[in-house]
Amino acid sequence: MALQLSRREVDELRSSLDRAIYRTIGKSDNSLLSTVSSCLTNGYERRKFIDKISSHIDPKKASKLTDKVLALAQELVTSSKPQKRKHEPSDRDRDIKKTRHDDREKHEEEKRHDREEKEKKLGNGVEALPLPSIMPDGETVGSKMSVLSADRIKLMMANAQKEIEERKRALIAMKGDHKPGVNVAVAAAQQIKVQMQQNNAIPPPSVIKPVLYSKPAAVPVSQEELEKQRKIAELQARIQRKLAGGALSSAGGSGPAPLILDTEGRTIDTTGKRVQLTHVAPTLKANIRAKRREEFRAQLSGQVSSEPPADAGWMDSRVQLKPPTRTKRALRFHEPGKFRQMAERLRMKAQLEKLQNEISQIARKTGISSATKLALLAADTPDSDRVPDIEWWDSVILMTADERECKRKPDTDTRTGEQRVDACNTGDDDIIDNLNEDAITNLVEHPQQLRPPTEALKPTYMPVFLTKKERKKLRRQSRREAWKEEQEKVRLGLEAPPEPKLRISNLMRALGTEAVQDPTAIEAKVREQIAKRQKTHLEANKARALTKEQKREKVDRKIREDTSMGVHVSVYRVKDLFESASAKFKVEVNAQQLHMTGCVVLHRGCCVVVVEGGPKQRAKYKRLMLHRIKWEEDMVKDTEGNEVANSCQLVWEGVTKQRSFGEIKFKVLPTEKQARELFQKHGVEHYWDLAYSGAVLGSGVDDV
Amino acid sequence: MSDDEDIPVKKSKQIHYGSLEEQEKARLAALAAAAKEGVEETGGQDLGDIQISSEYMELEEEMSRDKKALLEEFERRRKARQLNVSTDDDEVRRSLRQLGEPVCLFGEGPAERRVRLRDLLSYLGEDAIHKKLEEEEARIERDRGREGTWYHEGPPELRDARLWIARYSLPRAKRRLNKAREELKLAGSVRAAAKQESQRRASAISTYCSQVGDSRPISFCRFSGDSKMLITSSWSGLSKIWSVPECTPLQVLKGHTCNVSAATFHPAATIPDHFLEKINAVKDSEEGQLAMDTSGDSTSVCSMASCAYDGTVHLWNFVSEAPIASLPGHSPSRVARAEFHPSGRFLATTVFDHSWRLWDLETAKEVLHQEGHAKPVYSVAFQGDGSLAATGGMDAFGRVWDIRTGRCVMFLEGHLGPVQGIDWAPAGHQLATAAADNQAKIWDLRRRAPLYSIPSHTHLLSDIRYQRSHGHFLLTASYDKSAKLWSNPAWHPLRTLSGHDNKVMSADISADNKYIVTCSYDRTFKLWAPELS
């Protein structure tokens, strides 16, 4: 539905657009009109159009207006179809031109070509007729355009054509041997034919005669131009002669120069001289291989071309023909026993499934199921297997080997202190003998008290709210004070006294005689004052109102919450979040809009949504997840492939010290391990553990 | 006088409305002459008749300066009017003192003082006081940071008690470690099988019975050491003893006048004979006609302790309905928990005055008054050896204390809400905390690090208990109306115990692993037992 109109067309439409706007919104609106016309020139789609317009008027009207405008535009376009069609190819050509910037010469040639074509289109078949006077179709071209500009168009076209002619001539003059990449039809329409062409016995078909652009004889041309033309013709003739007599090698046509090899396979030119070809040695293996292949092919074709075909007269020797070859198709046999193996595998699989089913049935009956499931989960870290000789907190009050040695009474014990300590701590000796009583004092420790993490640095006070009466009283007082101050200022001569406030009702009283003398003027004055008062009032209101940004900021501020004292986290488990695009959208966009961070992990059978934010945000999000999204409405497949209703559960909600995720992101993780690793990376693997174990153990845990 | 005056001025009869030039000229001349005379008087005459004075009064400037000053004054007054000054005279005085102004002038009343302060503030700017306050606060904060750890000398009994505890705990620790070593010698599969069996039993747990415990919410419940009795405490001020599993009321402890926050059994308390008789009697005669026989001799020792919101801590025995003793000194602060030391000789109480106390029950004396938490202390638990105690406070931190040296050996930082429950694993080197941030955390004392956090409930956690014999699973109770069982090293959910209509206030696992009890705000307590067919 995208319609692009030119500026002129839009101008043409302007009045009808204005009418349409007037009809839709009941008044004419210049800014709206300009928006609409800019939309038209930009060729916006309907929706974007409505978007643009709805900044001026309400969306309902906007859509109505858009429809009208588009209809108008459509009408215009359909009425000027031929003209439209004419524009399109030139556009396309311009596009093509854009893509080719590599070769300058080519580019120029292309340009010329373009111009030519345009010319043809514009001239509507009247080739290269530069003067508007002999261009009868000029009228028809611009007929659908505004009538006023028809003359101008003609003039412009004439000018353009003239210019083109000039340029062409200059080009041809500059390089005599330009390449003839131009339309044959155009060439055929030339007024001056190269005479040599007829002389040529067998002109190679692909060698296209260079095109000579010149003016028709009818056109009066200057002497100089004639001279030029003659020169060009001469030049062209020379080229033709050269081409006809010359070898193929000089033909810089579209094909590559044919490769001629002598009997020894060396490259030679047409005169039989050996030619050293420039070799670009490829370095990459793939390139080397490709080159070799090419060389081989070249060799083949060379051989082919070396033997002249029977009907050489009709064949272009440079056209490379592929000899028709048929690839050999070998027979392919299956390995013996392949299908038997496949069948075996299928059978095994079926059997295993059956066995598993049986086992699970039995397990369900006996109640081992959940235990095995647990064992399957078994991220069970092995117990710290090492048991220390003595706990470190106990060792503080025990004597070390040295102390023991110092205290040793002279007795018959032959063991060293170390041995005795060991004997006490782990052996049979009474450990109390080893107690270091000096380590125990009656000192009471007062450790440094740390500020609780949930307590703000500064106490927050409740704002004081006043009753309506109190508010009124305050307002009254402050206004009275302000008024008194004003009076004081006037009295002191700091400010000019305000001019008397005039109303229609007090006009006679305020300026009695004057009002009597010239009531009309006075009334006008009073009315002006009234209008001014109202204007200042409205302006003050407007100045006080929040700007768009401020409004948005305010809304934003209300949503934002301070999470420096703890982040509220919720973990949800959804049975399947893969399919439901709308739910996914809601999950993501709501989190973004509430400024929550988090993560969504999509894993078959257990999709986990983790969101972090403030308490209010969490509450809103909880409502979204548990009430607003109707999970049970869409059916999903469970692990056995049965269709069941989707569901979402709140797995956990609580408070943590800081956020562990950034902006909410979706992650598709096929294996359980990857999912856990993802959470582990963020230091919250317990969320996953809980959500996943709940999903695996199913209703056994979470039943009510 | 100048000679100009000699020129005769023609006086006409008509009123002349023309130029005043002449008059003006005359006036100026007079002025100049006057000035000249003045000059002549002071100094010599030099400039002849023409007197030029560069001095003149800038009336305009002067005026505008005055005006400006006036306007400024107005502005200041307007600002003063908008200032919020407290109407509280004390605060006004305080503010004045902070600003270094005289607090009170002679004959000045509160209203004048307030006006004076307002005036002052309008000169200094409104935030003068706030700035000062902030500086002060920053200084206090700095000082607090610098304060660090300090010690004071406790009573001499403290050292005796510590020595006693050391002598008690060291052999127990040795025994425990030996047992752990022996257990390690067993094959891994045997251990795993035992664990699996116990977890299987746990996951098959369901309601065994439910009993209305009181007319008000039940705040706490604990099994006795022999798993034959259950004590519940209620907000009605009563504590009750029930038989397990019949749930026959055995005794009512009347003594508290307000909400009882906790009640526990002495670790050595076993069911006395008269209770057994009572149970039998109830069984025999369904009508319940029975005569109480209270002829116990060994039952007169302290076998229960309870604490209440008004700071009373009572000790009880199985015979009398009234407390046999009470431990004074807590009032008016609330006592949140009371816990017996494994030896039974000491009792720890956690108090809302940011401290916890250790009482020697033999002498009924407070041997230790321990501070360290920045907010009320809520929960306490003794390690199985009796060497360590762990306390959790409303400041969201936990602390592990070595009772024998009196030092804080580990600081449990990580929760974000009051630590409401704390318990030691039977293995002795791990402990679990339950907090109001809906998480439970497991800590390792050997590594002095947190091991895992269990995001367990959707409301605050009120209690946490390990399985008593091996710690194969963990029980958490929460205000989300449910209790949950968790497998030990992997912390997977085993079972959700839901059935209460309101917050679960406390929960316990019996020592023989047969029963689990939960008590709730809905005034009931429930027994749970594995349902194995």
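Data table
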read-out: Tabulated pairs, region A:380-394, first at positive phi, second modelled with pLDDT under 55, C-beta under 6 angstrom, 6+ apart or interchain; value: none
read-out: Residue list for region A:485-509, restricted to those being touching a residue at least 12 places away in the same chain (Cβ under 8 Å) and in a helix (DSSP H, G or I); value: A:L507
read-out: Search result, residues across region A:435-464 that are assigned to a helix (DSSP H, G or I) and more than 8 Å from chain B (Cβ to nearest Cβ); value: A:D438
read-out: Residue in region A:676-684 that is buried (at least 20 other Cβ atoms within 10 Å of the Cβ) and within 14 Å of chain B (Cβ to nearest Cβ) present; value: yes
read-out: Region B:473-493, residues that are within 11 Å of chain A (Cβ to nearest Cβ), out of contact with any helix residue (DSSP H, G or I) (no Cβ under 7 Å at 6 or more places or on another chain) and in a strand (DSSP E or B); value: B:S478, B:S482, B:K484, B:W486
read-out: Single unsatisfied condition, A:E579 versus (1) at pLDDT below 85; (2) more than 50 Å from the chain's Cα centre (by Cα); (3) not basic (K, R); value: (2)
read-out: Answer residue from region B:142-188, given it is more than 9 Å from chain A (Cβ to nearest Cβ) and outside any helix (DSSP H, G or I) and is nearest to A:I440 (Cα to Cα) among those; value: B:L186
read-out: Flag for A:V421 being under 29 Å from B:G428 (Cα atoms), within 10 Å of another protein chain (Cβ to nearest Cβ) and either crowded, with 16+ Cβ neighbours inside 10 Å or modelled with pLDDT of 85 or more (or both); value: no
read-out: Scope region A:510-522; condition modelled with pLDDT of 80 or more, loosely packed, with under 14 Cβ neighbours inside 10 Å and not in a loop (DSSP other than H, G, I, E, B); matching residues; value: A:Q517, A:P519, A:T520, A:A521
read-out: Unmet criterion (only one of (1) of a type outside the set (S, T, N, Q); (2) in contact with a Pro (Cβ under 8 Å, 6 or more places away or on another chain); (3) within 12 Å of chain A (Cβ to nearest Cβ)) for B:D353; value: (3)
read-out: Which numbered condition A:A619 misses (of (1) within 14 Å of another protein chain (Cβ to nearest Cβ); (2) closer than 21 Å to A:K681 by Cα); value: (2)
read-out: Selection within region B:373-412 - farther than 17 Å from B:L445 by Cβ, touching a Pro at 6+ places or on another chain (Cβ under 7 Å) and within 10 Å of chain A (Cβ to nearest Cβ); value: B:A374, B:K375, B:G393, B:M394, B:D395, B:A396
read-out: Subset of region A:574-593 that is outside any loop (DSSP other than H, G, I, E, B) and in contact with a Leu (Cβ under 8 Å, 6 or more places away or on another chain) - its residue that is farthest from the other protein chains (Cβ to nearest Cβ); value: A:K584
read-out: Output for region B:207-237, where each listed residue is within 27 Å of the chain's Cα centre (by Cα) and not small (G, A, S); value: B:R216, B:P217, B:I218, B:F220, B:C221, B:R222, B:T232, B:W235
read-out: Meets criteria (part of a strand (DSSP E or B), farther than 19 Å from B:G311 by Cα and either in contact with a strand residue (DSSP E or B) (Cβ under 6 Å, 6 or more places away or on another chain) or within 14 Å of chain A (Cβ to nearest Cβ) (or both)) for B:C247; value: no
read-out: Count - residues of region B:447-472 that are within 10 Å of chain A (Cβ to nearest Cβ) and outside any loop (DSSP other than H, G, I, E, B); value: 6
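The values are calculated or read from the model by the stated rules, or taken from the named source; none is laboratory data. In this text, all values refer to a predicted model and were calculated from it rather than measured experimentally. For neighbour counting, all protein chains shown are included, and Cβ atoms are generated from backbone atoms with ideal geometry for every residue, glycine included.
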